[in-house]
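Participant: After the structure tokens below, expect a handful of questions from me.
The values are calculated or read from the model by the stated rules, or taken from the named source; none is laboratory data. Owing to the predicted nature of the structure, the values given are computational and were not obtained by experimental measurement. Backbone-built Cβ (ideal geometry, glycine too); neighbour counts: all protein chains shown. The accessibility values were calculated without ligands, DNA or RNA, using every heavy atom of the protein model including side chains. Shrake-Rupley method; radii C 1.70, N 1.55, O 1.52, S 1.80 Å.
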Amino acid sequence: MKLGVFGGTFDPIHLGHLILAEEVRERLGLDEVLFVPAGHPWLKSDVAVTDARHRLAMVERAIEATPRFKVSDVEIRREGPSYTADTLEDLTRSLDGDVDLYVIVGLDALGEVDRWQRPSRVLELATLVGVVR
């Protein structure tokens, strides 16, 4: 299985996110795209962010008509900052079978990979897919 992992604050989720996810899904032949709203987005610690449960509900509502889109609350359930490496480790443990992970990130976030927590671990667990937003 090829699974896209699309994390973000999604405050709010919008049509651009959905179009981007579908474009990546089609181009890479992904079976599904998993939207992962950030619980505590550490790169936005200086900005007011809508409560995580509300953002999760917005994502659920936005993707409900698209069967190949799923949502995960893995980062919302976890205490502390939301780090991609932790999320990928959690997903790897919880997924059954042979799954290839593709992390979908904007080019702006990709340009800050040196600021990420354990970027080498992210690269061990997944393929990074940089997209223009």
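Participant: If Lys and Arg each add +1 and Asp and Glu each add -1, what is the summed charge of the other residues whose beta carbon sits under 13 Å from the beta carbon of Lys2? Please list the in-between numbers first.
Facilitator: Details: positive: Arg25, Arg27, Arg68; negative: Glu26, Asp31, Glu32, Asp98, Asp100.
Residues close to Lys2 contribute a combined charge of -2.
Participant: Right, something else. Stretched out fully, how many nm does the piece from His54 to Glu26 gain, at 0.36 nm a residue minus the Cα gap? Kindly include the intermediate steps, with their values, before the conclusion.
Facilitator: On the way: separation 28, 0.36 × 28 = 10.08 nm, distance 2.86 nm.
So the chain would gain 7.2 nm between His54 and Glu26.
Participant: For a Förster distance of 35 Å, can you work out the FRET efficiency between the beta-carbons of Leu107 and Glu79, rounded to the nearest 0.05? Please report the intermediate quantities before stating the final value.
Facilitator: Details: r = 30 Å, r/R0 = 0.86.
Rounded to the nearest 0.05, the efficiency is 0.70.
Participant: Would you mind estimating how fast the chain diffuses translationally, via Stokes-Einstein at 25 °C and 0.890 mPa s with the Kirkwood radius over Cα pairs, in µm²/s? Kindly include the intermediate steps, with their values, before the conclusion.
Facilitator: Values: Rh = 14.9 Å.
After rounding, the answer is 165 µm²/s.
Participant: Amide H neighbours of Val5 under 5 Å, at least 5 residues apart or on other chains, H built in the peptide plane: list them.
Facilitator: For Val5, whose amide H was placed from the backbone, the distant partners under 5 Å are Leu34, Tyr102, Val103, Ile104.
Participant: Taking only protein heavy atoms and a 1.4 Å probe, what accessible area per residue, in Å², does the chain have with all protein chains in place?
Facilitator: Details: 7470 Å² over 133 residues.
Each residue of the chain exposes 56 Å² on average to a 1.4 Å probe.
Participant: Each residue of region 121-133 in turn: what ³J(HN,Hα) in whole Hz from Karplus with 6.51, -1.76, 1.60 and θ = phi - 60°, glycine and Pro shown as x?
Facilitator: Along region 121-133, the couplings run 5, 4, 5, 5, 8, 8, 9, 7, 10, x, 10, 8, 9 Hz.
Participant: Roughly speaking, to the nearest percent, how much of region 1-131's 1.4 Å accessible area is carbon and sulfur?
Facilitator: Details: 3600 of 7180 Å².
Carbon-and-sulfur percentage of accessible area, whole number: 50.
Participant: Is it possible to state the helix-based mean residue ellipticity at 222 nm for the chain, with each DSSP H run of 4+ residues giving -39500 (n - 2.57), the sum divided by total residues, to the nearest 500 deg cm²/dmol? What is it?
Facilitator: Numbers: 6 runs with 52 residues, N = 133.
It comes out at -11000 deg cm²/dmol, rounded to the nearest 500.
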